[in-house]
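The values are calculated or read from the model by the stated rules, or taken from the named source; none is laboratory data. Predicted model, so just to flag it, every value in this text is computed and none were measured. Every residue, glycine among them, receives a Cβ derived from its backbone with ideal geometry; neighbour counts consider all protein chains shown.
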Amino acid sequence: MASICPHCKGTVNLSNVLREKDVKDSAIETLYACPHCKAVLGFSFMS
Ligand SMILES: [Zn+2]
């Protein structure tokens with residue numbers, strides 16, 4: 001997976017993307033953020 005950050009046009013891929021895990025109730029929410037400008041690009045949930 002490689003994509004372009006819509007905010008700074010930097011390249012974001014699985015090896016440089018920032019991941020931040022947050023536990024809410026019993027679900028783990030993972031935020032994905034741009035390593036260049038720190039903009040949040042998306043999130044996913046795992047139970
Ligand atoms: Zn960016």
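Note on segment 19-39: residues that are more than 10 Å from the ligand (Cβ to nearest atom) and either among the basic types (Lys, Arg) or under 11 Å from the mean Cα position of the chain (by Cα) (or both) total 8.
Taking segment 7-28 as the search range and keeping residues that are touching a residue at least 12 places away in the same chain (Cβ under 8 Å) and in a loop (DSSP other than H, G, I, E, B), which one is nearest to residue 42 (Cα to Cα)? Among residues in segment 7-28 that are touching a residue at least 12 places away in the same chain (Cβ under 8 Å) and in a loop (DSSP other than H, G, I, E, B), the one nearest to residue 42 (Cα to Cα) is 17.
Every listed requirement among (1) touching a strand residue (DSSP E or B) at 6+ places or on another chain (Cβ under 6 Å); (2) at pLDDT below 95 is met by residue 25 save one, (1). Of all residues in segment 37-47, those satisfying the criterion of being outside any strand (DSSP E or B) and in contact with a strand residue (DSSP E or B) (Cβ under 8 Å, 6 or more places away or on another chain) are 38, 39, 47.
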